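Peer 1: Supplied in structure tokens, the structure appears directly below.
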Amino acid sequence: MNAPGFTTARVGRTNRLIDWLIPDDSLDGLRYLSRAQFRFRVMRFWKRMFSPRQAIASILSIVFMALYLVAGLTLLSRREANDPEQLRLWLSGGMVLYALYHTVKQLWSKPSLEPDAVTWTDVDRLWLGGGPVSRRTMVLREAMSSIPSALAKTALLGVVLWRDGEFLPLLLAGVCLALIALELIRRVITHGIDALRPAERRLGCMISLVVGSAMLVQLGVQTWQATPPGSDPVIYVLSAMSEVGHYAGSAAIQFMAFALLPAASVAAAEPWAVFGSLPVFMSLGLMTLISVAVIFVLAETLVRVDAWSSQRRIRTERDRLRLIESEVAIGGSASIGSLSQPMQVTRIQRFGDWLAGWLPEGQRGMSGLVVRQLQCVRRYLPNVIVSFAIPMALSLSPLLTDQTTKQWVFVIGGIALSSLLLAPPALQIDFRRDLKRMFLVRSLPLGNVAMCVGMLSVPVAITVLFQWSTLALGAWFATPSMWQIVWLFLALPSLAVVTFAVENALFLAFPHHVHAQGIAMVIRAKITFLWKGLMLAVAPIGLISYVMFCERVLPTFWVGPAAFGGTLLAVWSTAAFAGWVLVRCWRRFDPLIDTPPE
């Protein structure tokens, strides 16, 4: 099976070294397209610098990069440099831990309907569709598209790690090569898992569950043993981070990091012992060449895994079709009825009908949005459960300490941190995944407020359920005052509203595609993290300052009601303002103008 634009003319040819430089004999269309896309991105960036619609994003990006650079050259320059060996272990072992996490996540995620190593855009289909471009070339082109984002991440990490490196150019080169190798490893894992049959996937899930549980239990026991009894929850967190570092440097993890060891050694300026007789600069140069060679080997591995994955999916689909044909021939109407089972009315659709009956006549279209989002949640339910089970466990982990007051404070902080940082990427079932369907979404017979409420209803409801469940368990063990529990149950939902409203407002103001990469995406992620960190720092200070003001100004009898009602009014006013900003961004969003090209 060949995708559009692929040819089988080179199937019988042997891969040659020259193929890495000139993969095909006829790539004029691909070269022209690449040059045109590069010129277009440069011109678009330059125009955005002076565009009123994109001026805020440009200014924020420049200000963020300037502040980040100043902080790296001032604050980070005062800390003590870490051991180069520790840097090497962190780079290699830490990336292996991420690869293991990605493997578990990919195993437990719902199999994609059309898994593929190549993403075809409309421009690609226009210029390359039907052309003599091999699949190998397109797979490599897709994989190498991560290089700009790797360069951006390298620059940001270089500001943080420059004190730990013996030689800054080697540090940057090693980190960049390690990031590129990690991206290729991630793609190999993804496409290998996508080709697994259902039975093999279930076996992999069970193995990952056992191994992952054992690793977490071991980490918890080691953290408990390494922390003095009666320590603050912060000490436990620091001990856990230290144990993760030790685990990343263990022999087993380093053995799995064989593909990342050369780049990590280059970053730490520590050549292997086998090159001990050579001069340092020559040995490090050879290590750099080995790191580049590893990337070429990983790229070739990705090409071969993609070919194997495509052939295996074809065989699996043929076996499934033969099974269906045999069942239809034997079972008759019963098998046909089982095939048409997805067309039957589900409980989610019945809930949508019930919800439509309760909504006003002009707002009943929101029920369709809710049903669509609930069906998406049902499809990716294992991912959603895992994405919230881990933050719940981490938020409740301070209850294992012996200090009751600090237990409760850290439980609340864990809930707030998870709601801000972990809930949005786990629940992208709102405007952020509908960029390609914005014309259809805009045509729905719903007002601006109804559209925004319908889009945020399910992710906010799931986040509130997580907040209340974690809060109830924490209150059961920590036994705080009833007024605190009631206030938190009423106030925390506003944090969920603010989080998703701001996330969607930023997306509508500066939209991007789901799988977009590059420098702009890295800066966008850093700015998003920055505003969330500022919110976590400013919001508690503002609420505590208001309570202290009430204690000084008001009589004792009125302090409690004024503080309780005033703080609730403040947090929900912030949520209402965030909702108003979202509605305004949706009102001004024009799919024809604001949708960025792929």
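Peer 1: If I ask for residues that are assigned to a helix (DSSP H, G or I) and open to solvent by 70 Å² or more (accessible area, probe 1.4 Å), which ones from region 387-403 would you list? Reasoning before the result, please.
Peer 2: Going residue by residue through region 387-403, those that are assigned to a helix (DSSP H, G or I) are 387-400.
Within region 387-403, ILE390, LEU394, LEU400 qualify.
Peer 1: Please find, among LEU473, LEU508, the residue that is assigned to a helix (DSSP H, G or I) and open to solvent by less than 60 Å² (accessible area, probe 1.4 Å).
Peer 2: Details: LEU473 fails: open to solvent by less than 60 Å² (accessible area, probe 1.4 Å).
Result: LEU508 is the single residue among LEU473, LEU508 that is assigned to a helix (DSSP H, G or I) and open to solvent by less than 60 Å² (accessible area, probe 1.4 Å).
Peer 1: Ok, one more. Of (1) more than 22 Å from LEU100 (Cβ to Cβ); (2) under 23 Å from the mean Cα position of the chain (by Cα), TYR236 satisfies all except one. Which?
Peer 2: Of (1) more than 22 Å from LEU100 (Cβ to Cβ); (2) under 23 Å from the mean Cα position of the chain (by Cα), only one is false for TYR236: (2).
Peer 1: Kindly list, by first and then second residue, each pair from a residue in region 517-540 that is within 12 Å of PHE64 (Cα to Cα) to a residue that is modelled with pLDDT of 75 or more and not hydrophobic (A, V, I, L, M, F, W, C), limited to pairs with Cβ atoms under 8 Å and residues at least 6 apart or on different chains.
Peer 2: Within 8 Å, the pairs are VAL522/SER149; VAL522/LYS153; THR528/GLU503.
Peer 1: If you scan region 451-470, which residues turn out to be open to solvent by 50 Å² or more (accessible area, probe 1.4 Å) and under 21 Å from the mean Cα position of the chain (by Cα)?
Peer 2: ALA461
Peer 1: Still on this structure: Taking into account only those residues within region 543-598 that are among the acidic types (Asp, Glu) and part of a helix (DSSP H, G or I), which is nearest to the chain's Cα centre (by Cα)?
Peer 2: If we filter region 543-598 for residues that are among the acidic types (Asp, Glu), which is where we start, we get 551, 590, 594, 598.
When the remaining residues are screened for being part of a helix (DSSP H, G or I), the result is 551, 594.
Details: GLU551: 43, ASP594: 23 Å.
Out of the qualifying residues, it is ASP594.
Peer 1: Could I ask something else about it? For region 268-290: of the residues being surrounded by 14 or more Cβ atoms within 10 Å (Cβ to Cβ) and not aliphatic (A, V, I, L, M), which is modelled with the lowest pLDDT?
Peer 2: PHE275
The values are calculated or read from the model by the stated rules, or taken from the named source; none is laboratory data. Computed from a predicted structure; not experimentally measured. Using ideal geometry, Cβ is built from the backbone for each residue, glycine included, and neighbour counts are taken over all protein chains shown. Ligands, DNA and RNA are excluded from the accessible area calculation, which covers all protein heavy atoms including side chains. Shrake-Rupley method; radii C 1.70, N 1.55, O 1.52, S 1.80 Å.
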